Amino acid sequence: MPKTVVVIGGGITGLSACFHLTRATSNPKVILLEASGRLGGWVQSTRTEDGAIFEHGPRGVRPAGTVGKNTLQMVSELGLENKLLPVQKDSIAAKNRFLYVGGKLCRLPSSFSGICKTQEPFTKPLISHLLREPLVSQSKEPDESVYSFALRRFGKEIADNAIDSLCRGIFAGDCRQLSLRSCFPILYTAERGYGSVLLGMLLTADQPHQFRSPLISRALTEGWTQWSLQGGMQTLPEALEDDLRKNSVEIHRDTTVSKIEPQSNGSWKINLENGSIRADHVISAVSSRALSCLLPPSLEALASELRQISSASVAVVNLEYQGNVLPITVMLGGAWFHEAFGSPEQANHKELLAVAKETIRTHLGVSAEPLRSILNIQQDSIAQYAVGHWKRLDTIYNIISDHALGLSLTGASYEGVSVNDCIFNARNIVEKLFS
């Protein structure tokens, strides 16, 4: 078992990895290295003097599934139960979902009766698309685009409107390029295992999980669809940092790693701006491309594969208006950022702000000038799992295994981009390391 573990990257993934390392049975020495001056990565909130809170990254977390319950378990262990702000399934925020199609907002059905009648932008009831799905033949391809899958199983209207919007909202990506197998593994597994998405989802909906706590029971009983935290989502990384310090984790901010080099005895030499440190094992919680820049020439085959995993940049514009208009967040760019606004480094902030305000005017009818606006360009913030991503991961993991490297990879570049995914995968790699 490694005596010293160095975690590179102090985002939510790296913090979660350290959290579980402190609870490992062998009690390793844990060192966290973060290049910037803050922890939390894309989880970042601005708190104003008048009480407004703006999210520049994830706005909330879903409690559903094994990954959602795992996060609630960690939240409970951190003692954050009293700071939770849940959204229940019968709330207006959970029921009111819209698509902007054909120049107008179209409300999505939120009940069984809703899917049984025709509602714009669809030309027939959604249930008609769902009922035909179990009759569709199963694909024999190892992977396909999300769009291709939706077109094949649900039809063009669902693929063009609902699925395209879903991929833009979750991945800021193009459903015609994104991998079904990697982006929506539950759908891929349902079709492979049951020949139907609907049947697969129904038959696996209540699978047992390993997580038990009063908080998880409360979320299930009250029907939570999402939750956030008092003080914003940044409360979570702040609580994790406090916990790590109490458990003797060495935290180094403003510490840039320039190179990591495997040594003949199986350890690693980690080169910093001022000196170096040694580790028995390295957990990389930075993006795949960032890691590729840290590897020595002897691991170019690994670095090359890591570089092939691309990411999208998103401009996050927070707007606050006078009176009863709620604070609004507009996200721009994604897979189309370069096409629409040029490079993230040189994008015109005035142009981005103007586009955001015009979007609010045309979509919501809000023509007033905002009291406050905050714009952040989150460069390369959302990994884009292209078709065949699973095969690239196999190659990456095989190279690490073949070279007997004491290196674990986790984070949004690999097996899930959500906060839940990052926290769950960090837990998994720690458990594998000490199993």
- Query: Taking interchain pairs and intrachain pairs at least six residues apart, which have beta carbon atoms under 6 angstrom, with the first residue in segment 295-307 and without any contact (Cβ under 8 Å) to a residue 40 or more places away in the chain and the second open to solvent by 60 Å² or more (accessible area, probe 1.4 Å) and not in a helix (DSSP H, G or I)?
  - Reply: Pro296/Glu261
- Residue check, Leu306 at pLDDT 95 or above, surrounded by 21 or more Cβ atoms within 10 Å (Cβ to Cβ), farther than 29 Å from Glu55 by Cα and of a type in the set (A, V, I, L, M): yes
- Message: With the structure loaded, tell me whether Arg278 is open to solvent by 60 Å² or more (accessible area, probe 1.4 Å), of a type outside the set (A, V, I, L, M, F, W, C), modelled with pLDDT of 95 or more and under 24 Å from the mean Cα position of the chain (by Cα) or whether it fails that test.
- Response: no
- Within segment 315-328, work out how many residues are open to solvent by 10 Å² or more (accessible area, probe 1.4 Å) and either in contact (Cβ under 8 Å) with a residue 60 or more places away in the chain or among the acidic types (Asp, Glu) (or both). 2
- Item | Filter result for Leu99 (outside any helix (DSSP H, G or I), touching a Cys at 6+ places or on another chain (Cβ under 7 Å), at pLDDT below 95 and open to solvent by less than 40 Å² (accessible area, probe 1.4 Å)) | yes
- Can you tell me how many residues in segment 146-181 are under 21 Å from Asn425 (Cα atoms) and either open to solvent by 20 Å² or more (accessible area, probe 1.4 Å) or aromatic (Phe, Trp, Tyr) (or both)? 3
- Return the pairs, sorted by first residue and then second, in which the second residue is loosely packed, with under 14 Cβ neighbours inside 10 Å and modelled with pLDDT of 95 or more, the first residue lies in segment 200-223 and is closer than 29 Å to Gly79 by Cβ, the beta carbons are less than 9 Å apart, and the residues are 6+ apart or on different chains. Pro214/Glu81; Leu215/Glu81; Arg218/Glu81
- Item | Glu431 being of a type in the set (D, E, K, R) and part of a loop (DSSP other than H, G, I, E, B) | no
- Number of the condition not met by Ser137 [criteria: (1) surrounded by fewer than 12 Cβ atoms within 10 Å (Cβ to Cβ); (2) in contact (Cβ under 8 Å) with a residue 24 or more places away in the chain; (3) among the small types (Gly, Ala, Ser)]: (2)
- Select from segment 352-382 the residues that are in contact with a Phe, Trp or Tyr (Cβ under 8 Å, 6 or more places away or on another chain) and either surrounded by fewer than 14 Cβ atoms within 10 Å (Cβ to Cβ) or aliphatic (A, V, I, L, M) (or both) and list them in ascending order. Leu352, Val366, Ala368, Leu371, Ile374, Ile382
- Task: Tell me, please, whether a residue that is open to solvent by less than 50 Å² (accessible area, probe 1.4 Å), in contact with a Phe, Trp or Tyr (Cβ under 6 Å, 6 or more places away or on another chain) and either modelled with pLDDT of 95 or more or more than 30 Å from His349 (Cβ to Cβ) (or both) can be found in segment 285-302.
- Result: no
- Restricting attention to segment 329-351, report how many residues are surrounded by fewer than 19 Cβ atoms within 10 Å (Cβ to Cβ) and either within 15 Å of Glu55 (Cα to Cα) or in contact with a strand residue (DSSP E or B) (Cβ under 7 Å, 6 or more places away or on another chain) (or both). 5
- Do we have any residue at all in segment 35-52 that's part of a loop (DSSP other than H, G, I, E, B), at pLDDT below 95 and touching a strand residue (DSSP E or B) at 6+ places or on another chain (Cβ under 7 Å)? yes
- Of (1) within 30 Å of His129 (Cβ to Cβ); (2) surrounded by fewer than 16 Cβ atoms within 10 Å (Cβ to Cβ), Val87 satisfies every one except (2)
- Filtered residues of segment 387-426 (kept if in contact with a strand residue (DSSP E or B) (Cβ under 6 Å, 6 or more places away or on another chain) and open to solvent by 40 Å² or more (accessible area, probe 1.4 Å)): Val387
- Query: Being modelled with pLDDT under 95 and out of contact with any Leu (no Cβ under 8 Å at 6 or more places or on another chain), is that true of even one residue in segment 369-391?
  - Reply: yes
- Query: Taking segment 252-275 only, how many residues are of a type outside the set (Ser, Thr, Tyr), open to solvent by 70 Å² or more (accessible area, probe 1.4 Å) and farther than 23 Å from Arg38 by Cβ?
  - Reply: 3
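The values are calculated or read from the model by the stated rules, or taken from the named source; none is laboratory data. What you see is a predicted model, and the numbers here were worked out from it, not measured in a lab. Using ideal geometry, Cβ is built from the backbone for each residue, glycine included, and neighbour counts are taken over all protein chains shown. Calculation scope for accessible area: heavy atoms of the full protein, side chains included, ligands and nucleic acids excluded. Shrake-Rupley method; radii C 1.70, N 1.55, O 1.52, S 1.80 Å.
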